[in-house]
1. Would you mind putting A:94-107, B:90-103 in packing order, based on average other-beta-carbon counts within 10 Å, highest first?
2. I'd like to compare A:180-187, B:30-37, B:111-118: which one has the highest average count of other Cβ atoms within 10 Å, and what's the full order after that?
3. Helix B:118-127 against the longest principal axis of chain B: what's the angle in degrees, Cα atoms only, rounded to the nearest 10?
4. Please sort A:59-68, B:523-532 by packing, taking for each peptide the average over its residues of neighbouring beta carbons within 10 angstrom, highest first.
5. Could you work out how much longer the chain between B:Glu29 and B:Lys330 gets when fully extended? Use 0.36 nm per residue separation minus the Cα distance between them, nm to one decimal.
6. For an R0 of 30 angstrom, estimate the FRET efficiency from the Cβ-Cβ distance between B:Asp365 and B:Glu408 and round to the nearest 0.05.
7. Please give the net charge around A:Phe186, taking every other residue with its beta carbon less than 14 angstrom from that of A:Phe186, where Lys and Arg add +1 and Asp and Glu add -1.
8. Putting +1 on Lys and Arg Cβ atoms and -1 on Asp and Glu Cβ atoms, find which of A:Tyr47, B:Phe15, B:Ser139 reaches farthest to the positive end of the dipole of the protein assembly as shown.
Amino acid sequence: MQQDDIQSFLERFFTAAHCPIVERSDGHIRVQLTVEMDKQLMNRPFYWHYVERIGAIGEPLQLSLITKRSIHEKKGEHIHFGSPRLHQIFSIAKMNGRFVRLYEQVFERSAALHPWLHTNILLSYECDRKQDRLLSLGIHLISGTIVESFYDVLKEKQWGVTVPDYCFTISPLIKPISGLARLEAFVERLIASETHEWADAARARWEEDLALLKHFYEGIEEKQEEYEKEKEALRQRYEPRIHISIINGGVFYLEAK
Amino acid sequence: MNVTMHWERSWKDEFVTRIERDGPWSNWELYELALEATKALTIPQFDGLQAPKHLPHITILPHQYDVARQVVEQMNGKAILADEVGLGKTIEAGLILKEYMIRGLVKKALILVPASLVSQWVQELNEKFFIPAVAQKKSYVWEQCDVVVSSIDTAKKQPHRDIIYEQTYDIVIIDEAHKLKNNKTKNYEFVQGLKKKFCLLLTATPIQNRVEEIFHLVSLLKPGHLGNAEQFQKRYGKLRTLHDDAHLKELIRKVMIRHRRHDTGIEWTKRHVETIFIEFSEAERNVYETIQRFKSPLLDTSLSHMTLLREICSSKEALFCTLKNMLEQKPHLETTISALLQKMNDINEHTKAKKALELIQTINDKVIVFTEYRATQLYLQWFFKQHGISSVPFRGGFKRSKKDWMKELFQHRSQVLIATEAGGEGINLQFCNHVINYDLPWNPMRLEQRIGRVHRLGQTKDVHIYNFVVRNTVEEHIFTLLYEKIQLFERVVGELDDILMKLQSPAFSNHLERIIAQSKSEGELKIKMQNLVEILANTEEQTHAAR
């Protein structure tokens, strides 16, 4: 995401969160927060606690955000890629879009919609260094076929939360949870089939440092505790591991082709 | 396979619940936004730095970027950052810490710095790096906050020590790490006992006196890298400098990064030095000569009249303070001192102070005036006020908040700041580019520190330095002998560091101090100083030859 993309992201985020944009120009927006969004963003629990205690209706704030550094005439928070506010919004966005059940919007014809389970999966390769990789996997809950980069298929279509007129859904033969288990197994097979030079290199660094450490503490009995501590620190630093987490996912009903 | 896998199961558990309860479900737009937010935060590759993208408002200099990158990519997150003073080691450390936090490899960080720097670190990390660092003030902070800044002196004491040892810090950063050169100290032992997954040691002077200091420093960082103590002593114990052994130098290069000013490629603004000679008024001369005529046995030996002479060159107020103390301790000197005080009464205005006033009025811009004496500081403040110039005082002993406040006042309200102590760990005043050395310190390093307050990264204008020297006094001797001979003022920033470091600067400073405090006559002072300057000149030649 580049600086220029931040504004459109923010506009879409607040619109999706039902916060009206009351002022908009190139590099600046001002939004009217909803009660819900005020509570999530503005960090004033005492106010809301107080309002609710006395049974009054609280007034959510407006938020003015500036996305271009060159703008000084507006009052508001300057937002850039590293600003804590943007990261707060990122984490709310991640939280709010974790689970879906969606139906392809097929218009003016009758169609059978097939169930697919889709998940976006984040793989983090970690040692003393780190790299991420995103997988987008779909599994057909009738046949069990697994499709990689499934998101590319999904994003070309229109989606709604209800079944469109004239369409009907086919029930899954494979339960979504079983589908998920198959995707998990797929990910593990995928990882196992790859060569991991990064991990070999990390282990080599680890062994090298460990040998030095052993040598340093050789013959110093009274420093045993320190040695163990440093040894553990080396493990934590170098031991290669892959952390796998699911970002979001859900069942998608797709017109059969 | 050589890698372990860890599944984060929370999504799955929640998904099961939502299926059972048939929702709630989000819409497509929220689904897309969640994915985009995730994509924005993913780390595309092992190599390179993510942090600069997060910190668009800081100017990261090429050498700072290189340091951060080298530490992450080649040194596996353990390094001694040893750039010379003023090249931005704090920025480098902040950049590395930020990088690891963005990559999710560091969550808990312990930052140990001198007590006087705690709030400055906290402020910089929060404001420049958006790292929510907290100063350790209450003991629960250790457990509840992720990024904690504290002084070593606090941290090593109970109950803190035990609590800290129980935490699992992902990174330990230690500023002014040369204070850990001695492995027999409590501080050293404390740091050695810390678990150090990632670790940064910051120091501008990794070696001050002996090569084995670097052994102790490296052994904190990466035990065994230089062998064990016995082997190191046997193999390198006799070396005087690192340059004497290529193998050792190479080993150290793997754990230490040191940039010198001249290899950063930064264009430094120029220094313009002007010496302003002052002629004493008759009354001032009279007092000066009276002191000169004092017989040494008359006075306390540790306070030779050299001290008194230097004081009257600054102000009669400075001299008066010493005389008053002397009178209390040695009542038998009353006649001598009273006679002197009588003569001091004849001094109405100081020639030096008038000259300073004149200069400040001509400069018509921000000026810092440095003096060695607090009494002079107060006098000047009063004197300038009489002539409609407001000034703010500054002392090393001020609390951080007061220092910040004084800096603020100076920047926005007053034309003049009068400082008694440059303090290597003080404030940065890049917005000012005129310095008056109202009197000269005996230690050239102190003078370098004074100038360093304004002549540092971020200074955009040429720096003007005015040295006030009273003709035919001890001040002129110190000036011509020491400062002129070593051409202190014409040097590039930091060069003096090198030379004094080779001379084992603490020893050098002590020596200088002794010469000035104990010389019984100006003649003696002259000869001793000449000797010293010879040594300096020799060392300098060696330094140049080594380059």
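The values are calculated or read from the model by the stated rules, or taken from the named source; none is laboratory data. Bear in mind that the values here come from a model prediction, so they are computed numbers and not experimental data. Note that each Cβ is placed from the backbone with ideal geometry, even for glycine, and that neighbours are counted across all protein chains shown. Keep in mind that these areas ignore ligands, DNA and RNA; they rest on the heavy atoms of the full protein, side chains included. Shrake-Rupley method; radii C 1.70, N 1.55, O 1.52, S 1.80 Å.
1. Details: A:94-107: 19.4, B:90-103: 23.9.
With the highest mean Cβ count within 10 Å placed first, the list reads B:90-103, A:94-107.
2. Details: A:180-187: 17.2, B:30-37: 22.9, B:111-118: 20.6.
Most protected by this proxy first, the peptides run B:30-37, B:111-118, A:180-187.
3. On a 0 to 90 degree scale, this one is about 50.
4. Working: A:59-68: 18.1, B:523-532: 15.5.
Sorting A:59-68, B:523-532 by mean packing, highest first, produces A:59-68, B:523-532.
5. Details: separation 301, 0.36 × 301 = 108.36 nm, distance 8.77 nm.
Full extension from B:Glu29 to B:Lys330 adds 99.6 nm.
6. On the way: r = 18 Å, r/R0 = 0.60.
Approximately 0.95, to the nearest 0.05.
7. On the way: positive: A:Arg182, A:Arg189; negative: A:Glu148, A:Glu184, A:Glu188, A:Glu194.
With Lys, Arg at +1 and Asp, Glu at -1, the neighbours total -2.
8. In the protein assembly as shown, that residue is B:Ser139.
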